[in-house]
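Attaching a single structure in structure tokens format; questions to follow.
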Amino acid sequence: QEGGPNEFSTMGKVIHAVAEMAGADDGVGEVDLARRLDDIWNDLEFRSSWYSDKQRQQASTMVDKFLNWHRDNPNEVVALEESFKVDLGRIVIKGRIDRAERDEDGRAVIIDIKTGTAAVPKDELARHPQLGVYQYAVMLGAFERHGLIEPGGAKLIQVGKASFTSKVREQEQPPPSDDPDPEWPKKLIEIVATGMSSDVFQARANDKCRTCPVRSCCPVHEEGGQVGP
């Protein structure tokens, strides 16, 4: 659906697939990535050819930005598109990272590639929940098999309209040890777990509402109805 949640999701998957290819082999160049993008694009269906061409150009621009960033990135790529699970008993943390890197100090830097239109406000980066959970997972040994046991920060790599005109926008979160409250990711997860397991679950408007597939039945929005008996 053009302009709908499915389209935004598909574009993200396309860019992630090409980015994974670039990260897995330093010998991959622009021609290889363009060919891979063409292969993927041939399997997609658009209702109009002009819109397909427009989106293909947009995807190509995102890939070019990512590739330039990737080439200049000094860190070692350790893992790509990898799932993780940490069982804490009452709480199970599961997720999938786009990329894990090792910095010059041997610390883990978790990368999340974003293809959206809005960057995270600067004053929200230090406590960005998604990045914080990734870093907490590192502390809990989620990537110990790669020799990554200490978080060295996490980054949102904006390649879509939220990036700069000709290059990606790096939005970096420092490691929890640099925060006035180093345990904030742990506390956040405990708060969320308590809320998720309670009898009442409060809907809250957030930046994910724009692409949420159940928006039409969510009571936090005007078009949504009451959820419950």
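The values are calculated or read from the model by the stated rules, or taken from the named source; none is laboratory data. Everything quoted here is computed from the prediction, not taken from an experiment. Because the Cβ atoms are built from the backbone with ideal geometry, glycine has one as well, and the counts that use them run over all protein chains shown. To get the accessible areas, we keep the full protein, side chains included, count just its heavy atoms, and leave off ligands, DNA and RNA. Shrake-Rupley method; radii C 1.70, N 1.55, O 1.52, S 1.80 Å.
Go through the residues of segment 43-61 one by one and say whether even a single one is in contact (Cβ under 8 Å) with a residue 40 or more places away in the chain, open to solvent by 20 Å² or more (accessible area, probe 1.4 Å) and touching a strand residue (DSSP E or B) at 6+ places or on another chain (Cβ under 9 Å).
no
Residues in segment 62-96 that are hydrophobic (A, V, I, L, M, F, W, C), crowded, with 16+ Cβ neighbours inside 10 Å and either more than 18 Å from Asp112 (Cβ to Cβ) or touching a strand residue (DSSP E or B) at 6+ places or on another chain (Cβ under 8 Å) (or both): how many?
So the answer is 9.
Between a residue in segment 143-161 that is farther than 17 Å from Glu124 by Cβ and at pLDDT 95 or above and any residue that is small (Gly, Ala, Ser) and in a loop (DSSP other than H, G, I, E, B), which pairs come within a Cβ distance under 7 Å, given they are 6 or more apart or on different chains?
Taking only residues 6 or more apart or on different chains, the pairs are Ile149/Gly141.
Checking the conditions here, which among Thr165, Thr117 is of a type in the set (Val, Ile, Thr) and closer than 22 Å to Thr10 by Cα?
Thr117
Pull up segment 138-162, narrow it to residues that are in contact with a helix residue (DSSP H, G or I) (Cβ under 8 Å, 6 or more places away or on another chain) and more than 24 Å from Ala17 (Cβ to Cβ), then point me to the one that is surrounded by the most Cβ atoms within 10 Å (Cβ to Cβ).
Checking each candidate, the answer is Pro151.
The conditions are (1) in contact with a helix residue (DSSP H, G or I) (Cβ under 8 Å, 6 or more places away or on another chain); (2) free of Cβ contacts under 8 Å to residues at least 24 places away in the same chain; (3) assigned to a helix (DSSP H, G or I), and Val133 fails exactly one of them. Which is it?
Looking at each condition in turn, Val133 falls short on (2).
Results for (1) at pLDDT below 95; (2) in a helix (DSSP H, G or I), shown as yes or no for each residue.
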{"site": "Tyr51", "(1), (2)": "yes, yes"}
{"site": "Gln58", "(1), (2)": "yes, yes"}
{"site": "Val63", "(1), (2)": "yes, yes"}
{"site": "Val78", "(1), (2)": "no, no"}
{"site": "Val86", "(1), (2)": "no, no"}
{"site": "Arg90", "(1), (2)": "yes, no"}
{"site": "Ile97", "(1), (2)": "no, no"}
{"site": "Asp105", "(1), (2)": "no, no"}
{"site": "Ile111", "(1), (2)": "no, no"}
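Shifting gears a bit: Mind checking which pairs have a first residue in segment 1-29 that is assigned to a loop (DSSP other than H, G, I, E, B) and a second that is at pLDDT 85 or above, Cβ under 7 Å, 6 or more apart or different chains?
Val28/Met21; Val28/Ala22
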